[in-house]
Amino acid sequence: MEEYASKWMKRWEEARAFEAEPDPKRRKVFVTFPFPYMNGPLTAGHIFSACRIDTFARFKRMQGFNVLYPWAWHWTGQPVVAAAQRLKEGDPVQRRIFLEMDRVPEKELSKFVDPVYMATYYTAENRQVVKSMGLSIDWRREFHTSSYEPLFDRFVRWQYNRLRELGYVVKGTHPVVWCPKDKSPTQDHDRLEGEGVAPEEYTLIKFRLDGTDEYLVAGTLRAETIFGITNIWVKPDGKYVRIRVDGQVWVVSSETPGKLAEQLMKVEVLSEVKGSELLGRICIAPFTGRRVPVLPALFVDTGSVTGIVYSVPAHAPYDLLALRDLASGDKRLPSGFGQIAVGISPIPVIKLAGFEEIPAAQVVDKAGVKDQLDTKAEAATKDLYNREFHSGIMLENSGKYSGMPVSEAKAAVIQDLKAAGYALSFYDLPEPVICRCNTSCIVKVLEGQWFLTYGDEVWKSRSVEAIRRARILPEESRQQFIQTVHWLKAYPCARKTGLGTRLPWDEEWLVETLSDSTVYMAFYTIVTQLRRYQIKPEQLTDSALTYIFMGKGSLSSVAEESGMGPEILESLRNEFLYWYPVDLRNSGKDLVSNHLTFFIMQHVALFEESHWPRAVGVNGMVQLEGARMSKSHGNFVSAKDLINEYGADASRATLLASAEALDDPDWRSKNAADMRDKISSLPSFVQKTLSNSKEREGDMLDRWLFSQLQRRIIAVTEALEELRTRTAFYNAFFAPWNDVRWYLRRTTPNRSTLTRFFEEWIRLLSPFVPFVAEEVNERLGGKGLISLSNWPEIRKESIDIQAEAAEELVDGVVRDIKGILGVVKKPVTSALIVVADRRAREALKETVRLLSSGKKEGEVIGELVASQADTDRASYSKLVQAALRHCRETGIERISRIMEAQVDEAEVLTSASDFIAKETGLKSIKISYEEEAGEGKKGRTPLPAKPVIILT
RNA sequence: GGGCCCGUAGCUCAGUAUGGACAGAGCACCGCCCCUCUAAGGCGGGGGUCAUGGGUUCAAAUCCCACCGGGCCCGCCA
């Protein structure tokens, strides 16, 4: 259908239309789209964000800016490697995704076992898609990431060396969900069970066994309840072990040593202990020194944390239930401990508003939980923990924490217990996670990981400042950026697997994907010249890049060290200085809390303030037929499919018209098909309309059409400045189309008017639907590329409020007559339209004036009537009351506008009377001033913009 | 669980900050016109308890509270 699309693609390329070179005489605009990851075809989501940027870029280009819109491809990361691996292993799901969703030809697929081949394939495939979409890219600057692009590799190495020099990269440890068999972190998609489960930080608390140097070590999320401890639980038939840790002897479940060992602790297993052997022994609780017995409980799981639980029956439903079960002589439990249990009373340590003294008892009884193995206990526990954490206050028996909110006391207690040597942190999974290989996962604390110190307070506050200075589009997103900066903590920035750039100082690590994608836009600014001068990777030294981006160092020594000539270095520096900073980067809202914020923060860390990002755009997530896109659910469409089915223009228009701000656009194929038909009829509409027109004197309708056009130009321009692409598209496409339709209905089409109108209209359309705009332009005899023509100038003098008010009046009269004809029973053939006279006009004007000055309606009547001669007062009062009603109904603002236009209503309607007759089917239309109208208007009062219509 | 956002015609969305005009637009749908046919084009029309329930107000889609439903994010995926 768009047989002309490839023609224009070629013309743009031949004309090097979008290749951007620095030009000191012109102001620049530098826009970027986050490079897409090359493990599959581009989707409607990529295209939506990219088209928003492209539309902005094309708009700015037409406004005369020197626009740079570059493109690159992200190869960094594990998915390509992982997918290749899965394919190698013959994974049928992976095969099906490649063949059915991604439409990879069978003969290509066999080569996909090589991840680099796969990335290369998709890069080529997607490059074609981006071109076909009509994105106005400077392709000379294209590159991809990872060590397979040596020049870029040097750039990332420079970036990380700089960050490290600045102290923003440090070594640390980090807990991950770990498969002991695969010896690798287990991601969500690698799990048979336990999606979304993440390591949780527990506190291990050591309880000395009375009369020994050994400790029972219990795990808890609620260290602050240590003051309410009454006993300790073990599983009576559980397997426990004595282990040596850090010179101490601990007793924990037999599963625990393996977990501790993965958390950087040296563990030596000494001997086995049966749970039953521990029963009845006495432990000493820290802080209170309370002596508490070890008792049996069935709910204890030796696989969870240490398999030892300290009991706080006042606040923990399980503990309370276990105590009750034991006291009541539950047969499932070992005998001999019932009496001890009977003697234990819960010790409350937290006051919770709206709850009784022992909250656990209350929730357990209310929920009707019958014993410790009742599944309802879980929900009761969660609920109570939550309430106590958020609104609980420590009671006066809680030492120095008394009176503190639980949320604060928790951290303080943990800190103090640790300081006193009674506690340490330990990670475990709150729920089981099973790896794809059917192995049960544990937590591993990875050592020697490299982190970006996003938690750094100075870095944070400068970043917040950068966010404050930047334009955030839409404005609603700003808060989320600031939130994200506040939330961020140290972030692991390197991995051992996948593609990427090696950390220069520790080459077994690769810079991970969210970390090499933050400041690479700077590379776009120099890559053309690097290629032009055939700079070798080894010449791109750190000092050279520091010189280019920071202006630091001595030119001559940098030139000598890098082997690049000083004039080349200068030239690179100048091009960077010309394009930087980034004027707009735009992406989906899912990237706000990571990529887009990292983008800002790393610029803050590495670049001077004048090079911080100027604007960040955010958009919603593209839905497909009302549902989230998902390859695994089969609800997926690639950008290539869209182009094939609907063409680039219609695809762009459908997406741009479907949403703006943070709303999620919804791709409906029905809408796209309608859009395709509408757009494809544009050239013939223009041609047909022109061929039906003829030269004539310009009249009011011509002025009206141009006046409307000005309004549209203003609206589109304003909306595009704020990236409100949906509003912009409406005002560029549908609104002018409807304007022409009204014009054609109203008058004999004037060829020169329409020619001029179309010339401007298609320029307005060009940023949105560039192919059809070029095509129509050519058919109209336009020379050159419309993509490089000027944005329609806003000519305020063409705004003709008189013509606009006149057409509003005519339209209103036609609608009114049609409305009346719809309800009137007797046949009518003629209309008498009575327009307001001078007196009515004055009355309305005064009414508007007084209302605008804040007078109440009653006061307006009083004041105006008083100003009249005695004899006129009755009729004037009627007039003012009508005027007040008119103001109420039509709105003061609109009336003021119409009054200001000072339309001669009689003249306008008289000249439109043929039109009115044609539209309404009436034979005769007469226009009259009020004083001439005489009988028949039944007391109705004509006012400006509100004539009285009498049908006979 | 926490943060942010959204729920208005069949569909996609305006309108909500500063409460007041019959709640609008585009598309779809229906009817008519044009036409050798199809697509396109022209004209007209129907269609909404503004998610729900309270409250504030002379007046609420708009402000407040509650509730229901949906989306994005909450670090080792990108």
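The values are calculated or read from the model by the stated rules, or taken from the named source; none is laboratory data. A quick note: this is a predicted structure, and the numbers were derived from the prediction, not measured. Cβ: placed from backbone, ideal geometry, glycine included. Neighbour counts: every protein chain shown.
Just to be sure before I move on: is A:Gly647 within 15 Å of RNA strand B (Cβ to nearest atom), at positive phi and either touching a residue at least 60 places away in the same chain (Cβ under 8 Å) or of a type in the set (S, T, N, Q) (or both) in the structure I sent?
yes
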Name the residue that is farthest from A:Ile898 (Cα to Cα), counting only residues in segment A:774-813 that are of a type in the set (S, T, N, Q) and either outside any helix (DSSP H, G or I) or in contact with a His (Cβ under 9 Å, 6 or more places away or on another chain) (or both).
A:Ser789
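One line per residue, one yes/no per condition, for (1) at pLDDT below 90; (2) over 27 Å from A:Trp704 (Cβ atoms); (3) not hydroxyl-bearing (Ser, Thr, Tyr):
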{"residue": "A:Ile762", "(1), (2), (3)": "no, no, yes"}
{"residue": "A:Leu765", "(1), (2), (3)": "no, no, yes"}
{"residue": "A:Asn790", "(1), (2), (3)": "no, no, yes"}
{"residue": "A:Glu807", "(1), (2), (3)": "yes, no, yes"}
{"residue": "A:Pro827", "(1), (2), (3)": "yes, yes, yes"}
{"residue": "A:Glu857", "(1), (2), (3)": "yes, yes, yes"}
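Listed here are the residues, each with its yes/no results for (1) out of contact with any Phe, Trp or Tyr (no Cβ under 8 Å at 6 or more places or on another chain); (2) loosely packed, with under 15 Cβ neighbours inside 10 Å; (3) assigned to a strand (DSSP E or B); (4) not basic (Lys, Arg).
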residue: A:Leu151; (1), (2), (3), (4): no, no, no, yes
residue: A:Trp178; (1), (2), (3), (4): yes, no, yes, yes
residue: A:Thr203; (1), (2), (3), (4): no, no, yes, yes
residue: A:Thr212; (1), (2), (3), (4): yes, yes, no, yes
residue: A:Leu216; (1), (2), (3), (4): no, no, yes, yes
What single numbered condition from (1) buried (at least 17 other Cβ atoms within 10 Å of the Cβ); (2) under 23 Å from A:Leu821 (Cβ atoms); (3) modelled with pLDDT of 75 or more fails to hold for A:Val903?
(2)
Quickly run through segment A:153-166 and pick out the residues that are touching an Asp or Glu at 6+ places or on another chain (Cβ under 9 Å) and within 16 Å of RNA strand B (Cβ to nearest atom).
A:Val156, A:Tyr160
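Give the residue, chosen from A:Arg103, A:Arg164, A:Arg140, that is of a type in the set (D, E, K, R) and closer than 30 Å to A:Arg26 by Cβ.
A:Arg140
Considering only residues that are among the aliphatic types (A, V, I, L, M) and within 11 Å of RNA strand B (Cβ to nearest atom), look in segment A:180-201 and name the one that is surrounded by the most Cβ atoms within 10 Å (Cβ to Cβ).
So, considering only residues that are among the aliphatic types (A, V, I, L, M) and within 11 Å of RNA strand B (Cβ to nearest atom), the one surrounded by the most Cβ atoms within 10 Å (Cβ to Cβ) is A:Val197.
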Taking into account only those residues within segment A:856-880 that are in a helix (DSSP H, G or I) and among the small types (Gly, Ala, Ser), which is surrounded by the most Cβ atoms within 10 Å (Cβ to Cβ)?
A:Ser877
Pairs, first farther than 19 Å from A:Asp456 by Cα in segment A:489-517, second assigned to a strand (DSSP E or B) and within 7 Å of RNA strand B (Cβ to nearest atom), C-beta under 6 Å, six or more apart
A:Gly498/A:Gly77; A:Leu510/A:Arg495; A:Glu512/A:Arg495; A:Thr513/A:Gly77
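I need a count of the residues in segment A:364-394 that are within 16 Å of RNA strand B (Cβ to nearest atom) and without any contact (Cβ under 8 Å) to a residue 40 or more places away in the chain. If you could, list the steps in order and put the result at the bottom.
Going through segment A:364-394, the residues within 16 Å of RNA strand B (Cβ to nearest atom) turn out to be A:378-392.
If we keep only those that are without any contact (Cβ under 8 Å) to a residue 40 or more places away in the chain too, we end up with A:378-379, A:382-383, A:386-387, A:389-391.
The total comes to 9.
Residue-wise test of (1) surrounded by fewer than 22 Cβ atoms within 10 Å (Cβ to Cβ); (2) within 16 Å of RNA strand B (Cβ to nearest atom); (3) under 30 Å from A:Pro683 (Cβ atoms).
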{"position": "A:Glu775", "(1), (2), (3)": "no, yes, yes"}
{"position": "A:Leu780", "(1), (2), (3)": "yes, no, yes"}
{"position": "A:Asn790", "(1), (2), (3)": "yes, no, yes"}
{"position": "A:Ile799", "(1), (2), (3)": "yes, no, yes"}
{"position": "A:Ala806", "(1), (2), (3)": "no, no, no"}
{"position": "A:Leu809", "(1), (2), (3)": "no, yes, no"}
{"position": "A:Ile820", "(1), (2), (3)": "yes, yes, no"}
{"position": "A:Arg841", "(1), (2), (3)": "yes, no, no"}
{"position": "A:Leu844", "(1), (2), (3)": "no, yes, no"}
Scanning segment A:371-401 for residues that are surrounded by fewer than 13 Cβ atoms within 10 Å (Cβ to Cβ) and within 29 Å of A:Lys235 (Cβ to Cβ), the one farthest from the chain's Cα centre (by Cα) turns out to be A:Thr375
Write out, first by first residue and then by second, each pair whose Cβ atoms fall under 6 Å of each other, whose residues are 6+ apart or on separate chains, and whose first residue, in segment A:665-681, is under 13 Å from A:Val622 (Cβ atoms) and more than 7 Å from RNA strand B (Cβ to nearest atom) while the second is outside any loop (DSSP other than H, G, I, E, B) and not small (Gly, Ala, Ser).
A:Trp667/A:Leu624; A:Ala672/A:Tyr646; A:Ala672/A:Thr654
Would you pick out the residues in segment A:744-773 that are surrounded by 24 or more Cβ atoms within 10 Å (Cβ to Cβ), of a type in the set (Val, Ile, Thr) and assigned to a loop (DSSP other than H, G, I, E, B)?
A:Val769
Residues in segment A:590-608 that are touching a residue at least 60 places away in the same chain (Cβ under 8 Å) and more than 16 Å from RNA strand B (Cβ to nearest atom): how many?
3
Could you tell me whether A:Glu195 is at pLDDT below 80 and out of contact with any Ser or Thr (no Cβ under 6 Å at 6 or more places or on another chain)?
yes
Filtered residues of segment A:660-696 (kept if touching a Pro at 6+ places or on another chain (Cβ under 9 Å) and of a type in the set (S, T, N, Q))
A:Thr689, A:Asn692, A:Ser693
Please enumerate the residues belonging to segment A:279-295 that are touching a Leu at 6+ places or on another chain (Cβ under 7 Å) and aliphatic (A, V, I, L, M).
A:Leu279, A:Val294, A:Leu295
From A:Ala659, A:Ala653, grab the single residue that is under 29 Å from A:Val740 (Cβ atoms), within 23 Å of the chain's Cα centre (by Cα), buried (at least 16 other Cβ atoms within 10 Å of the Cβ) and modelled with pLDDT under 85.
A:Ala659
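Quick one: which of A:Phe758, A:Phe771 is within 16 Å of RNA strand B (Cβ to nearest atom) and at pLDDT 90 or above?
After ruling out the rest, the residue left standing is A:Phe758.
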Looking at the structure I just gave you, is A:Ala82 at pLDDT 90 or above and either touching an Asp or Glu at 6+ places or on another chain (Cβ under 7 Å) or within 16 Å of RNA strand B (Cβ to nearest atom) (or both)?
no
